[in-house]
Structure formats: C-alpha cells, structure tokens
Amino acid sequence: MYPRFLEIEITGKCMYKCKHCYGRFPKPGELPLEKVYEIISESHGLFDCLIFSGGEPFLHPDLAEMVKRASKDFVVFITTSGFPVPEDQTERIKNSAVLVFGLDGIGNTHDFYRSVPGAFRNLMQAMDITRDLPKEIITTLWKGVIPQIDEIISLGEKYNAILHFNGIIPVGRAKDNTDILPDVKELEKVYKKLYQLKMTGGAVTTDLYRVTEMDKEDGIGLFCRGRFNITPEGNVRPCEFHHAVLGNIFERPLKEIIIQANKTALIKSRENGFRDHIRLDLQNPFDYHTRICHRIPL
C-alpha cells in the first residue's frame, strides 16, 4: 500500500523565484490556522502523511501550531527552500516533522536556480541549525545540477539526510525557462546512475521514470498515488503540478471533495498507474506527467 500524502500550501509568500517553480511563487494567498485545523481533522482516514509547504512555510506565523496539531496523528513533512529558518521555530517543531530541503546545485549553481545570490549559503546555515533533526534533501534534475550529483550525494551523507532526486516537470515557471530542461540523452544517463544507487539500498531515491512497453500491463510505479494538494487559495488538486481543480475547501468539506475526486476517471487512472493510457510515441519518455496524466479529463 502506498502512503497517502496531502500537501497543504499554507502560504503563497516566498523569498525566491526558482526557475522551475510549478506555482510561480511568490503569490497572494494564505490559509488561516483554524482552516488548517479543519483540514487536519478531515484528513483522518483519508491520508497518512501531511506536508506543509508554500511558498515558504516558515513565513507563515502559525506553522509551529499546525505541526503540533498534525503530528499527533500523522507523519508530518515541511518543505522549505532553506531561507534563514528561525531557530525559535525549529525548536518548537523539534522532532515533530521531517524537514525537506530543496537543494538544486552547489554554490552559485543553486543561487542561479533560486534567482537570489546567497541562497546556497542560507540553505547551508539552515541545515547546520537543524543538523540533529530528521531531514530529506530534494533535488530537481535540471540541466545545471546533473554534473553535480556526486557532490550532492556527498553533502547528503554529511548531514545524514535522505536524498530524493525529482524529475523536472515542465509546468509553471519551468515551462518558460526551457533552457533548464535536460535533453533525453542526459536523462537516460542520470536515470541509469540513480537507478543503480537506488538498488544499493542506500539513502538515494528518485521519481525519475522512463515509460516502457511493460507499463501497459503493470502500470507506472507512481510516487503520486494517493496524493492530493491544497493551494493557498483553498483549491484542491490531484497534486501540486496538476492544473485540475477538484473543489475548494472554503466552499465544500475536504472529505467530500476527496471522495468525489476518487470517482473521477483521472484519479482512477492515476491509481492504477495509467495502464490504459500508456503511450510509446512520447518525444520525451520521462515526461509522462504533461503528456499522459495532465491530458486525462476528469
């Protein structure tokens, strides 16, 4: 059984303008504490893990209270860009959540990607402050970071962090910055490397996946099974990268929205790995998101 994740974008505030950003943050919108408490309550029986994200979740004044409430019944993750994380905040969430840091290069490579000088220094400071807390590092596989994979793995070992390499999805700001997208040959090479590392049983994992003939029978081994997303405006979506809006939590209860969503053709297809929609004519066989998933109607 796949763990069921609900990602809650608690704020649209963000200090950076990352070149791949699916949501084009920063932008307006912030979920009030009481509404997040409602979401947590309604998530019982629907989800196993709650992710607090943004924007930058540490810019929400009530993050610690949200984590405290959610951690009573769920595994909690906080995704952060690693901007100067306040030490008082980390003390209040200590050991109640897994911190997920976005690392998209070493030094200037990361700064370029985040569009802010000093972003890498800020990230390293945040990871030093939280050295003793459980953490994960997520790296988006854009063109500039691929030559630095070995350095990132070494850095992850230094901080005793799980390493997750995500395939870049050409939506949001990434759709405009096409120069950051790796070509198929680059993806083929890194896919083999990461697959071998994953099979060693270490702390490296990836959601980069190449569509093949076998998927017509077995389906794609999706990370996003059982996953949903809530935006700062309250829209519920299949995931943070998908454009479809399934409902709004300010208009209908979350539980009602999720139950109805699970009856749609899109979510039913996702849960079986898109078996009936597999295409072998994809120009980029690693992009099943926009070429398969995002084209299935509700």
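The values are calculated or read from the model by the stated rules, or taken from the named source; none is laboratory data. What you see is a predicted model; the values in this text were computed from it and never measured. Neighbour counts run over all protein chains shown; Cβ positions are idealised from the backbone, glycine included. Surface accessibility is based on the protein's heavy atoms, side chains included, excluding ligands, DNA and RNA. Shrake-Rupley method; radii C 1.70, N 1.55, O 1.52, S 1.80 Å.
Quick one: pull the percent of accessible area on region 72-164 belonging to carbon and sulfur, 1.4 Å probe, ligands and nucleic acids left out. Carbon-and-sulfur percentage of accessible area, whole number: 50. Each label was represented as a point 7 Å from its Cα along the Cα-to-Cβ direction; for residue 260 and residue 192 these points are 4.9 nm apart.
From its DSSP helices (H runs of at least four residues, each -39,500 (n - 2.57)), the chain gives a residue-normalised ellipticity at 222 nm of -8500 deg cm²/dmol.
Run the dipole for region 82-209 about the Cα centre, Lys and Arg Cβ at +1, Asp and Glu Cβ at -1, nothing else charged, and hand back the magnitude in debye, nearest 20. Walk me through the numbers before you get to the answer.
On the way: 15 positive and 17 negative charges, 45 e Å.
Using Cβ point charges on Lys, Arg, Asp and Glu, region 82-209 gives about 220 debye.
Projecting the Cα atoms of 248, 221, 125 onto the charge dipole of the chain, computed from C-beta unit charges around the Cα centre, puts 221 farthest toward the positive end.
Short-range pairs are left out: with C-alpha atoms under 8 Å and at least six residues apart, the relative contact order of the chain is 19 percent. Each Cα pair under 8 Å and six or more residues apart adds its separation to the average, and for region 69-142 the resulting relative contact order is 38 percent. Across region 1-124, C-alpha contacts under 8 Å between residues 6 or more apart give a mean separation that, scaled by the residue count, equals a relative contact order of 26 percent.
Dipole of the chain computed with +1 at Lys/Arg Cβ and -1 at Asp/Glu Cβ about the Cα centre; of 149, 232, 298, farthest Cα towards the positive end is 298. About its Cα centre, how strong a charge dipole does the chain have in debye, to the nearest 20, once Lys and Arg get +1 and Asp and Glu get -1 at the Cβ? With Lys and Arg at +1 and Asp and Glu at -1, about 460 debye.
Only one residue of 59, 81, 95 has its Cα farthest out toward the positive end of the dipole of region 47-96, where Lys and Arg carry +1 and Asp and Glu -1 on Cβ, and that residue is 95.
Assigning unit charges at the beta carbon (Lys, Arg +1; Asp, Glu -1) and nothing else, what dipole magnitude in debye, to the nearest 20, does region 237-298 show about its Cα centre?
On the way: 10 positive and 7 negative charges, 27 e Å.
In total the dipole reaches around 120 debye.
In the list (i) 79, 40, 34; (ii) 51, 45, 36; (iii) 48, 45, 40, the label attached to Cα extents along the principal axes in Å as derived from the coordinates here is (ii). Can you list which of the chymotrypsin sites (Phe, Trp or Tyr not before Pro) found in region 192-298 are DSSP loop residues with at most 13 other C-beta atoms within 10 Å? Counting only loop positions with at most 13 other Cβ atoms within 10 Å, the chymotrypsin sites (Phe, Trp or Tyr not before Pro) in region 192-298 are 250.
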